[in-house]
Amino acid sequence: MTQPARPSLVVTPHKGIRHAFSQLSLIAGNTDYNNKYEVAELKEQLEEFGELLEEHAHLENEFILKALEAKVPGSSDHDEQDHLDLEAQQTELLAKLEELLDPTISPAEANQKGYGFYQDLSKLHTAHLEHMLEEEQVTQALTWQHFTDEEIMGLHVQIIQHIPPAKMLAWMKYILPALNHGERVGLLKGMQAGAPAAFFEQVMSIAEMVLPSLAFKKLENNLMVGAFQY
Ligand SMILES: [Fe+2]
């Protein structure tokens, strides 16, 4: 994949979101909806990822869209409305999984509702794919038109500073496997330089857990260049 020539505020999280939805879609497809343990696990994963999606939309609203709206009035309306619609769809989806945990539900009902959930997850997945593409092709183009690279990097720093450490670690599970090697090195070198050593150590543990061993070794070798040891 060719890297955008200008700094992007969305490519990294969007790669993570695309990965997380693919993973969820696979799990939702092989879940036995008559097995409460499997349904509870799916719900836990959807809740955790759902919180990341809500936070992502909130940060886009607060930092990217507000700044853009100040320069181009009306430019944020479409994306902000999308964020509201996507969140409402997500809430409905979680409620469907909650219904599947009802102990009185019959096996036939569980199968039927489980398949309904699977289809609704696909709808949410599709809606997010369309939304992200529009943000990358339309909103990002506007951002590049109206902001310098320095201003975009300033917004990036503000966004990163507003992500609590636990959420950042949760993001890493989805983002790290979704990036190519060069992007991974760039992201983690930034963390290695700017974050506390203990936090960076946690990020590396996640990287080891979620990356194929060769990809992890290659990453480790790149990050170990110099005197740094984690
Ligand atoms: Fe968005």
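In this structure, LEU142 does satisfy being more than 24 Å from GLY50 (Cα to Cα), in contact (Cβ under 8 Å) with a residue 40 or more places away in the chain and either within 16 Å of the ligand (Cβ to nearest atom) or loosely packed, with under 15 Cβ neighbours inside 10 Å (or both).
Scanning the stretch 167-184 for residues that are within 14 Å of the chain's Cα centre (by Cα) and part of a helix (DSSP H, G or I) returns LYS167, MET168, LEU169, ALA170, TRP171, MET172, LYS173, TYR174, ILE175, LEU176, PRO177, ALA178. If the condition is being surrounded by 12 or more Cβ atoms within 10 Å (Cβ to Cβ) and in contact (Cβ under 8 Å) with a residue 12 or more places away in the chain, then the stretch 182-200 contributes GLU183, ARG184, VAL185, LEU187, LEU188, LYS189, MET191, GLN192, PHE199, PHE200. For the stretch 5-17, the condition holds for at least one residue, the condition being that it is closer than 30 Å to GLU151 by Cβ, loosely packed, with under 14 Cβ neighbours inside 10 Å and more than 16 Å from the ligand (Cβ to nearest atom). Restricting GLU80, GLU47, GLU55 to those that are in contact (Cβ under 8 Å) with a residue 40 or more places away in the chain and closer than 24 Å to GLN158 by Cβ reduces the list to GLU55. Looking only at the stretch 88-102, decide whether some residue is within 16 Å of the ligand (Cβ to nearest atom), touching a residue at least 12 places away in the same chain (Cβ under 8 Å), buried (at least 18 other Cβ atoms within 10 Å of the Cβ) and assigned to a helix (DSSP H, G or I). Yes - at least one qualifying residue is present in the stretch 88-102. For the stretch 202-230, a residue qualifies if it is modelled with pLDDT under 95, loosely packed, with under 12 Cβ neighbours inside 10 Å and in a helix (DSSP H, G or I), and exactly one does: ASN221.
The values are calculated or read from the model by the stated rules, or taken from the named source; none is laboratory data. Worth saying up front: this structure is predicted, and the values here are computed from it rather than measured. Note: ideal-geometry Cβ built from the backbone for every residue, glycine included; neighbour counts use all protein chains shown.
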